[in-house]
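First the structure, in the form of structure tokens, and then the observations on it.
The values are calculated or read from the model by the stated rules, or taken from the named source; none is laboratory data. Please read all numbers here as calculations on a predicted model, not as lab measurements. Virtual Cβ from ideal backbone geometry, glycine too; neighbours counted across all protein chains shown.
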Amino acid sequence: MDKRKAVGKRGEDVACQYLLTKGYKLLEKNYTCPLGEIDIVAQVGKTIVFVEVRSISTLRFGPASLSVDRRKQKKLSQLSLYYLQKKGLLNENARFDVVSVNFSENEPHVELFPNAFDWQEA
């Protein structure tokens with residue numbers, strides 16, 4: 001596994017633990033479908049939360065959360081719609097959160113951005 005993938009996997013593990021401490025119920029990790037992959041699907045109260053995890057090992061290119069651009073938002077919107085349809089959850093409330101994990105310090109620095117963006121038309 002290359003360094004970038006290793007950092008990404010470690011970041012997802014850290015994000016899962018962090019979300020559990022914030023009261024999230026984890027439903028899926030690395031949900032894969034023909035359209036791609038959702039890092040984490042969770043639930044907070046009655047809301048389904050699609051979580052994009054961004055991990056970095058240096059701040060050279062800025063915070064990880066900035067890398068969830070419009071293209072990525074559209075992709076996540078498509079993936080979430082697919083997930084909701086497959087699970088029969090189209091009538092449920094849903095949102096997109098982003099978790100940023102920065103490994104440039106001794107301990108990982110985690111930031112949660114609830115409701116980070118709105119659903120994007122494809």
Only one of these is under 15 Å from the mean Cα position of the chain (by Cα), closer than 12 Å to Leu112 by Cβ and not acidic (Asp, Glu): Lys29, Lys9, Lys22. Name it.
Lys22
With respect to the numbered conditions (1) surrounded by fewer than 17 Cβ atoms within 10 Å (Cβ to Cβ); (2) under 25 Å from Glu107 (Cβ atoms); (3) of a type in the set (S, T, N, Q), which one is the sole condition not fulfilled by Thr32?
(2)
Any chance Glu52 is loosely packed, with under 15 Cβ neighbours inside 10 Å, of a type in the set (Asp, Glu) and either assigned to a strand (DSSP E or B) or modelled with pLDDT under 95 (or both)
no
